[in-house]
1. Between residue 25 and residue 54, what length comes free when the chain is fully extended (0.36 nm per residue of separation minus the Cα-Cα distance, one decimal in nm)?
2. Can you tell which of 12, 26, 71 lies farthest toward the positive end of the dipole of the chain, using +1 and -1 charges on the Cβ of basic and acidic side chains (Lys, Arg; Asp, Glu)?
3. What is the angle, in °, between the Cα long axis of helix 13-89 and the longest principal axis of the Cα atoms in the chain? Nearest 10 is fine, range 0 to 90.
4. Here are labelled values, (i) 6.4; (ii) 8.9; (iii) 15.0, and one is the computed mean projected area of the Cα convex hull in nm² for what I pasted. Which one?
Amino acid sequence: MGAKRKAAGELSTSDLDALKEIVKSSVEDIMDTKLTEFCTNFKSEIRSFVESVINEKFEAFTQQNAQQLTTLETRHASEKEALTNKITAL
């Protein structure tokens, strides 16, 4: 009897290699899934952040322009009144 007999419950080298490949494949699948989820979530968070910054800057720009327009309209009305008064005086 030159061959050793396998004890009950023992795995052969080929069984261990197959099990190793199954575990490796499972871990790779899980990592791929989690990485895909992370990238999708990260892209979504970055997109939301960029949109909020753009919206904030656009709102500030809009408010600044509205203030400048009000200032120009007030100045225009004042200058128009001054010119009207000068014309009337002449």
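Where a number appears in this text, it was derived from the coordinates with a stated rule and is not lab data. Since this is a predicted model, take the numbers as computed values, not measurements. Quick reminder, even Gly has a Cβ in these numbers, built from the backbone with ideal geometry, and neighbours come from all protein chains shown.
1. 6.2 nm
2. After comparing all options, I get 12.
3. Result, in degrees: 0.
4. Of the labelled values, this structure produces (ii).
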